[in-house]
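> A single structure is presented below for examination.
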(Lines give C-alpha, C1' and ligand atoms only; values in the text may rest on other atoms or scores of the structure.)
Protein backbone atom coordinates (compact mmCIF):
# COMPACT_ATOMS: atom_id res chain seq x y z
CA UNK A 1 0.00 0.00 0.00
CA UNK A 2 1.10 3.58 -0.57
CA UNK A 3 -0.66 6.55 1.03
CA UNK A 4 2.06 9.18 1.11
CA UNK A 5 3.56 10.52 4.32
CA UNK A 6 2.70 8.85 7.62
CA UNK A 7 3.13 9.82 11.22
CA UNK A 8 4.02 7.17 13.77
CA UNK A 9 0.46 6.79 15.08
CA UNK A 10 -0.94 6.45 11.54
CA UNK A 11 1.62 3.79 10.67
CA UNK A 12 0.76 1.87 13.82
CA UNK A 13 -2.95 1.92 12.98
CA UNK A 14 -2.22 0.44 9.57
CA UNK A 15 -0.02 -2.22 11.12
CA UNK A 16 -2.65 -3.07 13.72
CA UNK A 17 -5.19 -3.45 10.89
CA UNK A 18 -3.00 -6.11 9.29
CA UNK A 19 -0.93 -4.19 6.73
CA UNK A 20 2.49 -5.78 6.35
CA UNK A 21 4.12 -3.78 3.50
CA UNK A 22 4.21 -0.03 2.89
CA UNK A 23 5.64 1.74 -0.17
CA UNK A 24 7.23 5.18 0.09
CA UNK A 25 9.95 6.00 -2.43
CA UNK A 26 12.85 8.38 -1.87
CA UNK A 27 12.67 9.09 -5.63
CA UNK A 28 16.16 10.56 -6.11
CA UNK A 29 19.25 11.78 -4.24
CA UNK A 30 19.08 14.40 -1.48
CA UNK A 31 21.01 16.84 -3.69
CA UNK A 32 18.65 16.57 -6.68
CA UNK A 33 15.43 16.18 -4.71
CA UNK A 34 14.61 19.89 -4.62
CA UNK A 35 14.67 20.03 -8.43
CA UNK A 36 11.87 17.47 -8.59
CA UNK A 37 9.71 17.79 -5.48
CA UNK A 38 8.72 20.85 -3.45
CA UNK A 39 5.67 19.64 -1.51
CA UNK A 40 7.65 17.74 1.14
CA UNK A 41 11.25 17.43 2.25
CA UNK A 42 13.65 14.54 2.00
CA UNK A 43 13.61 14.34 5.79
CA UNK A 44 9.81 13.91 5.64
CA UNK A 45 10.26 10.84 3.49
CA UNK A 46 12.92 9.36 5.77
CA UNK A 47 10.70 10.03 8.78
CA UNK A 48 7.82 8.18 7.11
CA UNK A 49 10.04 5.17 6.44
CA UNK A 50 11.18 5.22 10.06
CA UNK A 51 7.55 5.29 11.24
CA UNK A 52 6.68 2.36 8.99
CA UNK A 53 9.59 0.33 10.33
CA UNK A 54 8.82 1.25 13.93
CA UNK A 55 5.26 0.01 13.45
CA UNK A 56 6.60 -3.39 12.45
CA UNK A 57 5.81 -3.23 8.74
CA UNK A 58 8.13 -4.11 5.89
CA UNK A 59 9.49 -1.32 3.72
CA UNK A 60 9.22 -0.89 -0.04
CA UNK A 61 11.33 2.08 -1.11
CA UNK A 62 13.27 2.93 -4.25
CA UNK A 63 13.49 5.68 -6.80
CA UNK A 64 12.90 6.94 -10.31
CA UNK A 65 15.73 7.17 -12.84
CA UNK A 66 15.81 9.27 -15.97
CA UNK A 67 14.56 12.54 -14.45
CA UNK A 68 17.60 14.51 -15.62
CA UNK A 69 19.74 13.49 -12.66
CA UNK A 70 23.50 12.88 -12.86
CA UNK A 71 25.28 9.56 -12.24
CA UNK A 72 26.28 10.98 -8.84
CA UNK A 73 22.59 11.51 -8.04
CA UNK A 74 21.78 7.91 -8.90
CA UNK A 75 24.62 6.80 -6.63
CA UNK A 76 23.34 9.14 -3.91
CA UNK A 77 19.87 7.62 -4.06
CA UNK A 78 21.22 4.10 -3.71
CA UNK A 79 23.49 5.14 -0.85
CA UNK A 80 20.51 6.58 1.03
CA UNK A 81 18.55 3.37 0.56
CA UNK A 82 21.52 1.27 1.65
CA UNK A 83 21.89 3.35 4.82
CA UNK A 84 18.42 2.33 5.99
CA UNK A 85 18.79 -0.23 8.76
CA UNK A 86 17.61 -2.78 7.99
CA UNK A 87 17.60 -2.46 4.21
CA UNK A 88 14.19 -2.19 2.53
CA UNK A 89 12.73 -5.60 1.80
CA UNK A 90 11.70 -4.25 -1.60
CA UNK A 91 13.66 -1.74 -3.73
CA UNK A 92 11.74 -0.68 -6.87
CA UNK A 93 13.97 0.80 -9.57
CA UNK A 94 11.71 2.83 -11.86
CA UNK A 95 12.44 4.33 -15.26
CA UNK A 96 10.67 7.64 -15.74
CA UNK A 97 7.47 7.37 -17.78
CA UNK A 98 7.12 10.69 -19.56
CA UNK A 99 3.59 12.00 -19.20
CA UNK A 100 2.56 14.74 -21.68
CA UNK A 101 1.97 18.08 -20.00
CA UNK A 102 4.30 17.42 -17.07
CA UNK A 103 7.58 19.31 -16.48
CA UNK A 104 9.67 16.25 -17.41
CA UNK A 105 7.88 15.31 -20.62
CA UNK A 106 10.85 16.40 -22.76
CA UNK A 107 13.71 15.30 -20.51
CA UNK A 108 16.50 13.42 -22.29
CA UNK A 109 16.13 9.63 -22.30
CA UNK A 110 18.36 7.74 -19.89
CA UNK A 111 20.83 5.38 -21.54
CA UNK A 112 19.63 1.80 -20.83
CA UNK A 113 23.13 0.82 -19.73
CA UNK A 114 23.05 3.54 -17.05
CA UNK A 115 19.78 2.05 -15.83
CA UNK A 116 21.31 -1.45 -15.75
CA UNK A 117 24.28 -0.16 -13.77
CA UNK A 118 21.94 1.26 -11.14
CA UNK A 119 20.20 -2.12 -10.83
CA UNK A 120 23.57 -3.84 -10.41
CA UNK A 121 24.71 -1.39 -7.73
CA UNK A 122 21.42 -1.79 -5.88
CA UNK A 123 21.97 -5.54 -5.82
CA UNK A 124 25.52 -5.16 -4.51
CA UNK A 125 24.55 -2.65 -1.80
CA UNK A 126 21.40 -4.48 -0.68
CA UNK A 127 22.07 -8.18 -1.30
CA UNK A 128 19.01 -9.50 0.55
CA UNK A 129 16.46 -7.03 -0.84
CA UNK A 130 14.06 -7.73 -3.68
CA UNK A 131 15.32 -5.37 -6.39
CA UNK A 132 12.19 -4.73 -8.43
CA UNK A 133 12.26 -3.87 -12.11
CA UNK A 134 9.34 -1.47 -11.94
CA UNK A 135 7.78 1.40 -13.92
CA UNK A 136 9.04 1.96 -17.44
CA UNK A 137 9.20 -1.70 -18.47
CA UNK A 138 6.55 -1.16 -21.12
CA UNK A 139 9.05 0.88 -23.17
CA UNK A 140 11.99 -1.48 -22.54
CA UNK A 141 12.90 -4.09 -25.11
CA UNK A 142 13.52 -7.69 -24.09
CA UNK A 143 17.30 -7.27 -24.18
CA UNK A 144 17.23 -4.43 -21.66
CA UNK A 145 14.97 -6.37 -19.31
CA UNK A 146 17.13 -9.48 -19.66
CA UNK A 147 20.24 -7.47 -18.77
CA UNK A 148 18.42 -6.06 -15.73
CA UNK A 149 17.65 -9.56 -14.47
CA UNK A 150 21.26 -10.62 -15.06
CA UNK A 151 22.43 -7.51 -13.21
CA UNK A 152 20.46 -8.45 -10.12
CA UNK A 153 16.80 -7.57 -10.49
CA UNK A 154 14.78 -10.44 -9.06
CA UNK A 155 11.27 -9.03 -9.02
CA UNK A 156 8.79 -7.09 -11.16
CA UNK A 157 5.47 -5.36 -10.74
CA UNK A 158 3.11 -7.76 -12.50
CA UNK A 159 -0.13 -6.81 -14.24
CA UNK A 160 -1.39 -4.51 -16.95
CA UNK A 161 -1.59 -1.25 -14.98
CA UNK A 162 0.52 0.66 -12.46
CA UNK A 163 -0.84 3.58 -10.41
CA UNK A 164 -0.85 6.11 -13.27
CA UNK A 165 0.58 4.34 -16.31
CA UNK A 166 0.53 1.10 -18.25
CA UNK A 167 2.59 -2.00 -17.60
CA UNK A 168 3.49 -4.90 -19.91
CA UNK A 169 0.65 -7.33 -20.46
CA UNK A 170 0.72 -10.52 -18.42
CA UNK A 171 1.09 -12.70 -21.52
CA UNK A 172 4.09 -10.67 -22.67
CA UNK A 173 5.80 -11.11 -19.31
CA UNK A 174 5.07 -14.83 -19.26
CA UNK A 175 6.58 -15.21 -22.74
CA UNK A 176 9.70 -13.28 -21.71
CA UNK A 177 10.17 -15.36 -18.56
CA UNK A 178 9.81 -18.56 -20.55
CA UNK A 179 12.41 -17.35 -23.04
CA UNK A 180 14.84 -16.45 -20.24
CA UNK A 181 14.15 -19.53 -18.14
CA UNK A 182 12.87 -17.50 -15.19
CA UNK A 183 10.42 -19.00 -12.70
CA UNK A 184 8.19 -17.42 -10.03
CA UNK A 185 9.43 -17.45 -6.45
CA UNK A 186 7.72 -20.03 -4.27
CA UNK A 187 6.95 -19.77 -0.56
CA UNK A 188 6.65 -22.50 2.04
CA UNK A 189 3.85 -22.13 4.55
CA UNK A 190 5.31 -24.66 7.00
CA UNK A 191 2.69 -27.31 6.42
CA UNK A 192 -0.27 -24.95 6.14
CA UNK A 193 -1.87 -25.04 2.70
CA UNK A 194 -3.46 -22.09 0.91
CA UNK A 195 -7.00 -23.14 1.82
CA UNK A 196 -6.11 -23.14 5.53
CA UNK A 197 -4.48 -19.72 5.21
CA UNK A 198 -7.55 -18.28 3.52
CA UNK A 199 -9.81 -19.79 6.18
CA UNK A 200 -7.70 -18.30 8.97
CA UNK A 201 -7.79 -14.92 7.26
CA UNK A 202 -11.57 -15.04 6.94
CA UNK A 203 -11.93 -15.90 10.63
CA UNK A 204 -9.60 -13.06 11.61
CA UNK A 205 -11.57 -10.60 9.50
CA UNK A 206 -14.86 -11.73 11.05
CA UNK A 207 -13.43 -11.31 14.55
CA UNK A 208 -12.11 -7.86 13.67
CA UNK A 209 -15.52 -6.81 12.34
CA UNK A 210 -17.32 -8.17 15.39
CA UNK A 211 -15.01 -6.41 17.83
CA UNK A 212 -15.17 -3.05 16.04
CA UNK A 213 -18.76 -2.31 14.94
CA UNK A 214 -19.13 0.51 12.48
CA UNK A 215 -21.99 2.36 10.86
CA UNK A 216 -20.24 1.85 7.51
CA UNK A 217 -21.29 -1.80 7.33
CA UNK A 218 -23.66 -4.26 8.98
CA UNK A 219 -23.98 -7.99 9.46
CA UNK A 220 -26.68 -9.13 7.04
CA UNK A 221 -26.98 -12.45 8.93
CA UNK A 222 -28.38 -10.62 11.98
CA UNK A 223 -31.63 -9.42 10.39
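> Return the only residue of 99, 93 being farther than 21 Å from residue 151 by Cα and at pLDDT below 95.
Values: 93 fails: farther than 21 Å from residue 151 by Cα.
The unique qualifying residue is 99.
> Further, regarding this structure: Taking only pairs six or more apart or across chains, which ones have beta-carbon atoms under 6 Å, a first residue in the stretch 64-79 that is surrounded by 15 or more Cβ atoms within 10 Å (Cβ to Cβ), and a second residue that is at pLDDT below 95 and part of a loop (DSSP other than H, G, I, E, B)?
If the second residue must be at pLDDT below 95 and part of a loop (DSSP other than H, G, I, E, B), the pairs left are 64/96; 65/110; 66/96; 66/110; 67/96; 67/104; 68/107.
> Kindly indicate whether any position in the stretch 120-131 is crowded, with 20+ Cβ neighbours inside 10 Å and within 21 Å of residue 174 (Cβ to Cβ).
yes
> Please specify each residue of the stretch 60-94 satisfying the condition of being in a strand (DSSP E or B) and within 22 Å of residue 6 (Cβ to Cβ).
If the condition is that a residue be in a strand (DSSP E or B) and within 22 Å of residue 6 (Cβ to Cβ), then 60, 63, 64, 90, 91, 92, 94 are the ones that fit.
The values are calculated or read from the model by the stated rules, or taken from the named source; none is laboratory data. Keep in mind the model is a prediction, meaning the values are calculated, not measured. Note that each Cβ is placed from the backbone with ideal geometry, even for glycine, and that neighbours are counted across all protein chains shown.
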